[in-house]
Amino acid sequence: MSAHNPPLPAVTDPFEGLDFAELEMSLRRPRTLVSALLSGLVTVMTLVALVPLFSVIFMLVWRGGHRLSLHLFTQLPPAALEQGGGFGNAIVGTLIIIALATLITVPIGILSAVFLAQAKPESRLAQAVRFAAKVLTGFPSILAGVFAYGAIVLLTGGYSAIAGAIAVSILMLPTILLTAEDAIRMVPVKMQEAAIGMGATTTQTVWMVLLPTAFPGILTGIMLAIARGAGETAPLLFTALFSNYWPITNGQLHLMQPTASLAVLIYNFAGMPFDNQVELAWAAALVLVLLVLVTNLTGQALGRRQVR
Amino acid sequence: MPDVTTISQPPSRLQLFTDKTFRHLCQGFAWLTVISIAFILVKIILAGVPAMRQYGFGFITGTTWDPNTGQFGILPEIWGTLYSSILALIVGTAFGVAGAIFLTEGYLGEFVFDLLKLLHLHFHPFWGKLPLRIEDLLKNLIELLAAIPSVVYGLWGIFVVIPLIRPACNWLHLKMGWLPVFGTDLSGPGMLPAVLVLSIMILPTITAISRDALVSVPPKLRMAAYGLGATRWETILAVTLPTAARGVFGGVVLAFGRALGETMALAMLVGNSNKISVSLFSPANTLAALLANNFPEAQKKEVAVLMYAALVLLAITLLVNILGAFILQRASVQSTGGK
């Protein structure tokens with residue numbers, strides 16, 4: 001083919017007639033001004049949203065801190081108009097209720113999670129379990145108390161730590177189950193296949209490969225659930241009720257008696273017209289928040305370790 | 001080296017037996033989870049049935065609650081539950097979505113980076129990581145709001161929020177009392193302190209879910225908008241937020257479910273009075289607070305009626321939660337391209 005080039009068009013400047021000053025970012029232009037103002041607005045709103053957190057922490061340290069002493073942990077709650085006192089029984093009661101609730105939830109949650117992680121995706125049962133767990137995540141905590149009242153308190157004929165623990169365990173289950181499933185699913189498939197290739201049975205794979213590898217993640221779920229459970233008040237109000245006495249006397253554990261808890265103590269004392277009780281409520285709130293935050297942060301730190 | 005045959009051998013009969021047992025055990029526990037949740041729901045529903053038969057639909061439209069005369073109606077509580085939740089949702093959504101935008105747009109990271117640049121530390125092996133670390137810290141701080149127990153928020157509300165807003169509220173009532181929302185004065189517990197505390201409690205849910213939705217908007221879309229010359233906020237309002245809208249909306253609906261079922265902060269702050277009022281400063285009541293306050297001292301007859309109220313609360317929250325989960329599921333299907 002003979003090269004016959006048409007004459008080239010005259011070169012034109014594509015930027016001709018364009019004012020470069022137009023392209024510069026300037027706050028005098030309404031568009032950029034609106035953008036900057038909105039940026040300022042979200043910054044302020046985010047900072048305002050954090051004010052309550054710092055206010056709560058400051059008030060807890062200020063009003064709860066100066067009452068903090070060893071007496072709080074060794075003495076019983078004071079009667080009206082009485083001075084001094086503590087909430088040792090409420091701390092022990094909270095620990096008992098949480099321990100029982102954890103004992104109930106952990107086996108159910110983890111074994112169900114193992115089933116979910118191993119089940120085929122189209123399994124009807126697995127879908128049902130997941131749906132049920134999601135329904136429970138949004139379950140109002142007071143309704144867990146209503147259930148435990150109807151099912152346990154009316155059945156056993158009295159308020160008890162057991163009824164409280166069952167109510168709290170309903171609220172802990174979804175956290176433990178769903179995080180455990182995620183943690184087990186995050187174990188590399190290769191490791192599982194290697195175990196199966198060695199001739200391990202499913203059970204051996206689960207116990208020797210999946211659970212040990214997923215352990216930090218599972219523990220995170222348990223810690224977060226405990227942190228949530230420890231602060232729950234509504235499910236305890238009419239299941240564990242409250243008590244002015246120690247849950248353990250003469251080395252005997254009274255699980256079938258009304259049991260004190262920090263959360264219910266705060267609720268009861270916050271509404272009282274006595275300064276001593278209000279001060280104790282603040283001190284109890286400080287202890288409860290410390291307990292919850294330490295558990296929560298430990299759990300999160302453990303979880304971060306697994307991701308890496 | 002040990003003999004190969006001793007390491008690898010077919011599972012023994014005992015191992016096979018344990019395997020089978022364990023698998024059935026896991027399946028059994030999965031069934032247990034489903035059955036116990038079904039049992040919980042059925043138990044609450046059945047407990048409400050006797051009172052439902054006796055009081056019927058009039059229970060929902062009645063406005064008095066008097067155990068002495070046996071008159072029970074929960075319209076004020078239903079009104080209070082919805083009113084407080086919707087108001088808290090408006091405040092919580094505004095601040096929650098603003099927080100999510102602040103977190104995903106990297107304002108804080110940029111600020112710290114610029115600060116480090118002034119000090120010539122922005123590529124320093126330790127200080128250079130500071131912007132990311134601070135953003136992470138902020139995210140965790142907002143999530144910590146959710147970790148504080150609601151009874152502690154209630155205590156804080158009684159002794160901090162109410163005394164703080166009371167003068168302003170009474171001034172508003174005095175000057176603008178002709179507006180129905182300022183129609184009464186704040187004499188202690190009331191709707192506004194409850195709404196404020198409630199909105200703080202649902203804010204972390206909205207921020208966390210909105211943040212996830214905003215982060216999963218493909219960066220290409222944002223870059224395309226910037227490339228066309230859009231400002232940062234033109235991009236956010238026209239591209240990022242609409243793309244993430246369904247995820248954000250799902251988060252808002254889930255937060256609404258949380259607000260409807262929240263008990264302790266409301267029981268301590270809302271004032272527990274059976275009134276239907278649009279005034280922000282008037283005491284009111286909610287279903288969950290009604291249960292928390294009346295259950296511990298209720299007689300047998302009142303317990304049956306409270307079970308009916310619990311049933312109404314269950315119906316409202318289940319409806320809202322299932323709706324929220326459904327929207328979120330649709331949103332994730334949309335963002336993964338229908339996979």
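The values are calculated or read from the model by the stated rules, or taken from the named source; none is laboratory data. Quick caveat, the model's predicted, so the values are computed rather than measured. For neighbour counting, all protein chains shown are included, and Cβ atoms are generated from backbone atoms with ideal geometry for every residue, glycine included. Areas reflect the complete protein model, heavy atoms only, side chains present, ligands, DNA and RNA absent. Shrake-Rupley method; radii C 1.70, N 1.55, O 1.52, S 1.80 Å.
Points to keep in mind about this one:
- Under 12 Å, Cβ to Cβ, from B:LEU290 - net charge with Lys/Arg +1 and Asp/Glu -1: -2
- Chains B and A together, accessible area buried on both sides, 1.4 angstrom probe, square angstrom: 6600 Å²
- Whole-number D in µm²/s for the protein assembly as shown (Stokes-Einstein; Kirkwood sum over Cα pairs; 10 °C, 1.306 mPa s): 58 µm²/s
- C-alpha long axis of helix A:30-59 to longest principal axis of chain A, angle in °: 20 degrees
- Note on the range A:173-225: along the principal axes its Cα atoms extend 36, 17, 14 Å, ordered by decreasing extent.
- In a simple Cβ point-charge model (Lys, Arg +1; Asp, Glu -1; nothing else charged), chain B has a dipole of about 560 debye relative to its Cα centre.
- The relative contact order of the range B:51-177 comes to 12 percent, based on Cα pairs under 8 Å that sit 6 or more residues apart.
- Extension gain (nm, one decimal) between B:VAL91 and B:LYS301, 0.36 nm per residue minus Cα-Cα: 71.7 nm
- Helix-only CD estimate at 222 nm, as mean residue ellipticity for the protein assembly as shown, using -39500 (n - 2.57) per DSSP H run (n ≥ 4): -22000 deg cm²/dmol
- For the pair B:PHE326 and B:LYS275 in one chain, pulling the backbone fully straight at 0.36 nm per residue adds 14.9 nm over the alpha carbon distance.
- Relative contact order of chain B: 24 percent, from C-alpha pairs under 8 Å at least 6 residues apart in sequence.
- Dimensions (Å) - the range A:121-161, Cα atoms, principal axes, largest first: 44, 19, 15
- The orientation-averaged projection of the convex hull spanning the C-alpha atoms of the range B:60-170 amounts to 11.8 square nanometres.
- A convex hull fitted around the alpha carbon atoms of chain A yields 294 Å³ per residue.
- Directionally averaged projected area (the range B:154-274, Cα convex hull): 10.1 nm².
- Surface composition of the protein assembly as shown: carbon and sulfur make up 69 percent of the accessible area, probe 1.4 Å.
- Cα gyration tensor shape for the range A:166-308, rounded if a/c is under 1.5, else prolate or oblate: prolate
- Over chain B - Rg/Rh using Cα atoms and the Kirkwood inverse-distance radius: 1.11
- Dipole of chain B, positive direction: furthest Cα of B:LEU82, B:LEU269, B:TRP178, with charges on the beta-carbon: B:LEU82
- Karplus-derived 3J(HN,Hα) values for the range B:272-283, using 6.51 cos²θ - 1.76 cosθ + 1.60 with θ = phi - 60°, are 6, 10, 7, 10, 9, 8, 7, 5, 6, 9, 7, x Hz; glycine and proline are entered as x.
- Our summary gives the range B:154-286 a relative contact order of 40 percent, counting only alpha carbon pairs under 8 angstrom and 6 or more residues apart.
- Summarising the amide proton neighbourhood of B:TRP65: residues at separation of 5 or more, or on other chains, whose placed amide H is nearer than 5 Å comprise B:GLY73.
- When you work out D = kT/(6 pi eta Rh) for the range B:1-101 at 10 °C and 1.306 mPa s, using the Kirkwood radius from C-alpha pairs as Rh and the Stokes-Einstein form, the result is 78 µm²/s.
- Greater than 23 Å apart at Cα, pairs in A:LYS190/B:LYS220; B:LYS275/B:LYS300; B:LYS129/B:LYS220; A:LYS120/B:LYS20; B:LYS43/B:LYS301: A:LYS190/B:LYS220; B:LYS275/B:LYS300; B:LYS129/B:LYS220
- Cα-centred dipole magnitude for the protein assembly as shown, charges only on beta-carbon of K, R (+1) and D, E (-1), debye, nearest 20: 960 debye
- Cα pair distances in the range B:248-339, grouped into 5 Å bins until the bin that holds the longest one, percent each: 3, 13, 17, 17, 17, 12, 8, 5, 4, 3, 1, 0
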